[in-house]
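Below is one structure; the comments refer to it alone.
The values are calculated or read from the model by the stated rules, or taken from the named source; none is laboratory data. Please read these numbers as outputs of a predicted model, since none were measured by experiment. FYI the Cβ positions are ideal-geometry reconstructions off the backbone, even for glycines, and counts take in every protein chain you see. All accessible areas refer to the heavy atoms of the entire protein, side chains included, with ligands and DNA or RNA removed. Shrake-Rupley method; radii C 1.70, N 1.55, O 1.52, S 1.80 Å.
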Amino acid sequence: MNHHDSRSSSENEINAPLLSRREMLRLALCAPAAMALGRVGFGLDEAAAQATPAGPFKLPPLPYRPSALEPFIDARTMTIHHDKHHKKYVDELNKAVAKAPALRGKTAQELIRNLDSVPESIQTAIRNNGGGHVNHSMFWQIMEPRGGGRPTGAIAQAINGTFGSFANFQHQFNDAGAKRFGSGWVWLVSDRGQLKIMSTPNQDNPMMLGMFPIMGNDVWEHAYYLKYQNRRPEYLKAWWNVVNWDEVNKRFAASRRM
Ligand code: MN3
């Protein structure tokens, strides 16, 4: 199956930092509209999204095999996480959006950034399932087989500048993830250009608070329980072995164009 053909406009926006040649071409066709708006980066994606019919949201394919992140994340966890959990968020998001035709042209990111403009009757559904869709679409992309190691590029310098060292950053990130009570996410965000570590409950995304998520780890039990059971700190530590720093750098660059 061709991954690029299966992507909807909403996923193009979500995966904006990782553009295929085909997607670049599609975006280029919309460039005049974006230029008219005087915006670059995410503005381009929004222009592209608005130029195409919304259609239902689609589950993006995993960019690698479910076993590719072993031994750090096991294949069964990846399969259930992607094929069942992420799929459910997408299905429920589509059900919610179908109840509000006025929202049909919007991307998932636009929906969660502007929850106040969503009809109250479906606000919780959009918050949970739109958030779930955006969060997981990012999550698969910022991991890769044979990933990990030390950060590279601009994000490496920014981490050192803000947190003193990569080790300090990892320690604070893991700590915030371990302390998130119940289900949620731990994030490195850009808050108006300032790097911060934070965590959110449920499927909330930093965009709901006007911040940009540069990277995030899923600390719901479904992300680690089969292999790590109650040992969330062990999962948090192991996760650094699969981080895709190229993708994180692309997201960092995107945050600076906003
Ligand atoms: Mn999850």
How large is ³J(HN,Hα) for each residue in the range 249-254, as worked out from phi by the Karplus curve 6.51 cos²θ - 1.76 cosθ + 1.60 (θ = phi - 60°), to whole Hz, x for Gly and Pro? 4, 5, 5, 4, 4, 4
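How large is the convex hull of the C-alpha atoms of the range 73-258 per residue, in Å³? Don't jump to the answer; show the numbers that get you there.
On the way: hull volume 20.7 nm³, N = 186.
Dividing the Cα hull volume of the range 73-258 by its residue count gives 112 Å³.
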Taking the Cα-to-Cβ direction at Asn241 and at Asn160 and moving 7 Å from each Cα, how far apart do the two end points lie in nm? 2.6
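What are the trypsin sites (Lys or Arg not before Pro) within the range 95-170 that DSSP puts in a loop, where the Cβ has at most 16 other Cβ atoms within 10 Å? It would help to have the intermediate numbers written out before the result.
Details: sites: Lys95, Lys99, Arg104, Lys106, Arg113, Arg127, Arg146; in loops: Lys99, Arg104, Lys106, Arg146.
Qualifying residues, ordered by number: Lys99, Arg104, Arg146.
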Under 20 Å from Lys196, Cα to Cα: lysines that are on another chain or at least 8 residues apart: Lys179, Lys237, Lys250
Under the rule of at least 5 residues apart or a separate chain, name every residue whose amide H is placed under 5 Å from the amide H of Ser183. Asn202
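Please work out the FRET efficiency for the pair Leu226 and Lys58, using the Cβ-Cβ distance as r and a Förster radius of 22 Å; give the result to the nearest 0.05.
E between Leu226 and Lys58, to the nearest 0.05, is 0.25.
Can you give the relative contact order of the range 73-258 as a percent, counting alpha carbon pairs under 8 Å and 6+ residues apart? If you can, show how the numbers build up before the last one.
Working: 265 pairs, mean separation 47.5, N = 186.
Once divided by the residue count of the range 73-258, the mean separation gives 26 percent.
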Pairs of Cα atoms under 8 Å, at least six residues apart: use those to get the relative contact order of the range 201-258, whole percent. 36
Phi-derived 3J(HN,Hα) across the range 222-237 with the Karplus relation (6.51, -1.76, 1.60, θ = phi - 60°), rounded Hz, x for Gly and Pro, is 4, 7, 8, 5, 4, 9, 10, 6, 7, 8, 4, x, 5, 5, 4, 5
On full extension of the chain, what length is gained from His171 through Ala100, given 0.36 nm per residue of separation minus the C-alpha to C-alpha distance? 21.3 nm
Please list Ser137, Ser183 from largest to smallest accessible area, probe radius 1.4 Å, with all protein chains kept in place. Ser183, Ser137
Set of the range 206-250 residues, backbone N closer than 11 Å to the point 7 Å along the Cα-Cβ line of Ile80: 221-229
Show the residues, 5+ positions off or on another chain, whose built amide H is closer than 5 Å to the amide H of Ile214. Leu188, Val189, Ser190
So how much accessible area does Met143 have, in Å² to the nearest 10, using a 1.4 Å probe? 0
Heavy-atom surface of the range 113-258, accessible at 1.4 Å and reported per residue (Å²): 44
Please identify the trypsin sites (Lys or Arg not before Pro) of the range 149-258 that satisfy two criteria: DSSP loop assignment and at most 16 other Cβ atoms within 10 Å. Which are they? Arg192, Arg231
If I ignore ligands, DNA and RNA and count only protein heavy atoms, how much of Leu226 is accessible to a 1.4 Å probe, in Å² to the nearest 10? 90
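Given a 1.4 Å probe and every protein chain left where it sits, what share in percent of the accessible area of the range 73-258 is carbon and sulfur? Working shown, then result.
Values: 4010 of 8250 Å².
C and S atoms contribute 49 percent here.
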